[in-house]
Structure formats: C-alpha cells, structure tokens
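All remarks here apply to the structure that follows.
Read the figures in this text as sums done on the coordinates, not as results from a lab. What you see is a predicted model; the values in this text were computed from it and never measured. Note: ideal-geometry Cβ built from the backbone for every residue, glycine included; neighbour counts use all protein chains shown.
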Amino acid sequence: MKRIAILGSTGSIGVNTLNVIAAHKDEFRVVGLTANTNTALLDRQVKRFKPKIYCAAQEAGVEGLIEVATHPDVDLVVMAIVGSVSLVPLLEAIKAKKQIALASKEALVSGGEVVMKAAAKNRVKIIPVDSEHSAIFQCINGRPRQEIKKIYLTGTGGPLRKVHKRMFNAFSPEEMARHPKWNMGKKISIDSATLMNKGLEVIEAKWLFGVPLASIEVLIHPEAVIHSMVEFIDGTVIAQLAATDMRLPIQYALSYPKRLPLRFGLELDFKKTNKLTFCQPDSKKFPCFKLAQDAARDGGTFPAVLNASNEETVLSYLDRKISFTAIPRVIEKVLSKHRSKPSPDLGDILEADSWSREEARILCCR
Ligand SMILES: NC(=O)c1ccc[n+]([C@@H]2O[C@H](COP(=O)([O-])OP(=O)(O)OC[C@H]3O[C@@H](n4cnc5c(N)ncnc54)[C@H](OP(=O)(O)O)[C@@H]3O)[C@@H](O)[C@H]2O)c1
C-alpha cells in the first residue's frame, strides 16, 4: 500500500488522482488532502477517502500545506497546487524524504535549481505528472544523460492554433479556457492558449532531465497521440503514445516503477489514428512562448519573474481586467525592469516572485 497525500485535491489533477486511487484501492491509500477555497468538495472527499490529515490553505496557510506534505504516514506527495505557492511545501516534502509526483510545474520553473539540488541531497525521486514529462521520463527509462541527444516536447498548439491573431480578443476568458483535447484548470488552459504552457514545460524539462535548453525542441502535434519523444545518440527515437487523459500519467506516477492495469477504457485505437503531423511553434503569433525561452536562456531569477507575472496577468485576464493580447505585453514589461540574481537561493526566488506579482498587478490596474 502506498500512502498518499494530495496537495490541491480539489483541482483537476487532484480529482483525477482520487479517481485513479479509487480504481486501485488495493494499491493506494489516501492519508492527506488539501484544498484552498473549495471546502465543500474537500468535505465530500474527506467523507469518502477518510484521510488522517487535511486542510484548506485559505485557513491553514502554507504551514497547513507543509504539515500535510510532511506527515510521517505519507510515502508519496502528489503536488497538484496551481502556481509557485507550491514551491515551499514541495521543498519541505523533499526534505522530509517523501517521494514526489509533480504536477505543479510553476515550482520547477521558479525554483528548479533549488528543488533539484534538494532532491539530489535527500535522494528523493521526482516523478513527473505532466503528460509530456511523463512521456519523456518513460522514454528515457533510466538511461544515462550522455546517451540523450534530443528531447522532442510535443503540444497540440492550443485552442488558437488555427485562429488569426486579430481574432484573439474576440473570445471570452471562458471560451478561451476550453481546450480542444485536454480538460484542465483555468490557469493552465489560458497558458495553453498563449503557448506559455509550452515555454514553462521546456524549463520544467530542463530541470527534470538535466539537459541543456538547446537539446529540447518543441513540436506542435495537434493529434496529441504522441506525448513526447527522445532521440538517443545512436539515432534511435523513442516515443510514448497514449490516450489524452491525465489519469494515465497520474497512474504511472503513483505506481512507478510498477505498471498497473488501465481501468478507464482508454486504449488507443489506431484504426481511428490515420495520420500524425508535426510543425514548429509560431513564436511571432504567440509571444509568451518566446518570452519563456528568453527567460530560460537568461536564467537566474528571470524564470521566477516570468512565472509570477504570468500567474498575475492570467488572473487579471480571467477577471476581465486586461485583454488576451495584453498578457505578453505585461510580462515583457515586468521582465525588462528586472535585475536578475545568478544561482538564486530560495529567499532570492521568493523575493523576485513577490516583486514580479506587484509589478504585474500595477500594470494590470488590480
Ligand atoms: N489539469 C491538467 O490537466 C494539468 C496537466 C499538466 C500539469 N498540470 C499542472 O498541475 C497543476 C494543477 O493544475 P490544475 O489544472 O489541477 O489546477 P486547478 O484545477 O486550478 O486546481 C488547483 C488546485 O490548487 C489549489 N490551490 C489554488 N491556489 C492555492 C493556494 N494559494 N494555496 C493552496 N492551494 C491552492 C486549488 O484549491 P481550491 O480549488 O480548493 O481553491 C486546487 O485544489 C498546475 O501547476 C498545472 O500546470 C495540470
């Protein structure tokens, strides 16, 4: 029995994780749950899964999250909180030597170096939940870094792939949050529309797999059958294919290194898959993708500032305070004002994060 805590159990990843656990009651037990504002759903989850410890972060604060993440009965922590608020509880879970199933990409974007150093020091394995990173992890399958030539990180291109840029502001935030292939939380859905999500995923992959940025290439693959690929030095390319349902990578992250049977009827049907296409992302049409690449290249506290200003501008967009096309403009302005610190420690990252939020809020008039 793996004993599991889910931080962010009321979100899209959290609910899917509980679905996986309910389908494999003989393998997993829920020990801890956390929500933020959705206490009604948390109450229902508590009644059904009977965790030993649970809290709502809006009342219990980060301390509450840390208490759940480091509870002595927990073997594995599923990090499913949206945003860089996940960074501190993630680090505490690592220090408590809990195995990690990581969905909260913002923690790695902001504090990748600090997180990976803590994981190495405490011999903690971080198993990715993000479908692309789960795919890469499965393709690499423990092979040494020197054998990896290239990572092809795929993405559908988001809901605006076929839409002309001049039409971007014609959609409401609610329409924009409806992804053609994946059913996700609001913030990541908007990140998919701006293509910021792919930029964040490149930074996430760099840290998780310890490869240089130059060896990660993003490919737009609208069919979303291949979830990513790895090219090895002998010219072999290994791809991971699966249905587009987050329960699959979540199940793998929970059961790793074992594989468990699929109980959701989600097998791929190759009779219906008659073509697989690939093209390059258009960073002129989607400036957020370029901003993320630049921040990744410049390093230091730039990725933390990119991430925090993105979180704030996406919130402002969802609140109808700014237009969709203002999102990259605000982030670019905040980045241009920032003085980065090389090899930042946790304090530098948190400081850059709150500075960036404040700057973005001012620009969005919030
Ligand atoms: N959804 C996907 O398919 C998917 C795929 C790959 C990666 N991810 C990543 O997984 C993470 C979660 O995404 P999601 O789509 O599941 O998001 P979501 O549906 O918006 O859920 C977010 C969760 O975080 C909690 N939360 C929000 N703010 C918090 C705070 N300040 N303190 C503590 N908890 C807080 C929410 O609690 P309440 O709801 O109770 O307020 C909810 O449980 C993100 O980093 C995302 O990039 C998601």
For the chain, whose charge dipole is built from +1 on Lys and Arg Cβ atoms and -1 on Asp and Glu Cβ atoms, the candidate among ILE126, MET176, LEU318 with its Cα farthest towards the positive end is MET176
Restricting to lysines and to Cα separations under 25 Å from LYS271, and discarding same-chain partners fewer than 8 apart, the set is LYS181
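Using just the alpha carbons, could you tell me how many Å³ per residue the convex hull of the range 2-124 encloses?
Normalising the Cα hull of the range 2-124 by residue number yields 85 Å³.
Any chance you could run the full-extension gain for ALA96 through ALA120? It's 0.36 nm times the residue separation minus the Cα-Cα distance, nm to one decimal.
On the way: separation 24, 0.36 × 24 = 8.64 nm, distance 1.29 nm.
My answer for the length gained is 7.3 nm.
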Pairs over 29 Å Cα to Cα, from LYS206/LYS321; LYS275/LYS321; LYS284/LYS321; LYS98/LYS206, come to LYS206/LYS321; LYS275/LYS321
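State whether the range 96-145 is rounded, prolate or oblate according to the following rule on the C-alpha gyration tensor (a ≥ b ≥ c being the square roots of its eigenvalues): a/c under 1.5 gives rounded; otherwise a/b larger than b/c gives prolate, and the remaining case gives oblate.
On the way: a/c = 1.67, a/b = 1.25, b/c = 1.34.
It is oblate, given that a/c is not under 1.5 and a/b is not larger than b/c.
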Out of VAL15, VAL163, VAL237, a Gaussian network model of the chain with alpha-carbon springs under 10 Å gives the largest mean-square fluctuation to VAL163
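At 10 °C and 1.306 mPa s, grab the translational diffusion coefficient of the chain from Stokes-Einstein with a Kirkwood Rh over Cα pairs, rounded to a whole number in µm² per second. Spell out each step's value before the answer.
Working: Rh = 20.7 Å.
Approximately 77 µm²/s, per Stokes-Einstein.
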Ranked from fewest to most other Cβ atoms within 10 Å of their own Cβ, CYS139, CYS365, CYS279, CYS288 fall in the order CYS365, CYS279, CYS139, CYS288
Contact order relative to length for the chain, counting C-alpha pairs under 8 Å separated by 6 or more residues, stands in percent at 15
Calculated from DSSP helices alone, with each H run of at least 4 adding -39500 (n - 2.57) and the total divided by the residues of the chain, [θ]222 nm to the nearest 500 comes to -14000 deg cm²/dmol
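What FRET efficiency comes out for the pair THR236/PHE264, r = Cβ-Cβ distance, R0 = 25 Å, nearest 0.05? Walk me through the numbers on the way to the answer.
On the way: r = 31 Å, r/R0 = 1.23.
Between THR236 and PHE264 the formula returns 0.20.
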Expected unfolding gain across VAL62-ALA22 under the 0.36 nm per residue rule, minus the alpha-carbon gap, is 11.7 nm
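To the nearest 20 Debye, how big is the dipole of the range 2-124 about its Cα centre, given +1 on the beta carbon of each Lys and Arg and -1 on that of each Asp and Glu?
About 380 debye.
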Beyond 21 Å (Cα-Cα) in this structure, taken from LYS25/LYS52; LYS2/LYS187; LYS162/LYS198, we find LYS2/LYS187
Residues LEU291, LEU266, LEU90 in order from fewest to most other beta-carbon atoms within 10 Å are LEU266, LEU291, LEU90
So, with points 7 Å from each Cα along the Cβ direction, the LYS272-ASP345 label distance in nm works out to 5.4
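Of all DSSP beta bridges in the chain, what percent run antiparallel (nearest 5)?
Details: 10 of 36 bridges.
Close to 30 percent.
How large is the dipole of the chain about the Cα centre if only Lys and Arg carry +1 and Asp and Glu carry -1, each at its Cβ, rounded to the nearest 20 debye?
In debye, rounded to 20, the chain gives about 600.
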One finds the C-alpha centres of the range 105-162 and the range 283-300 to be spaced, in Å, by 18
Between the modelled labels at LEU213 and ARG366 (7 Å from Cα along Cα→Cβ) the distance in nm is 2.5
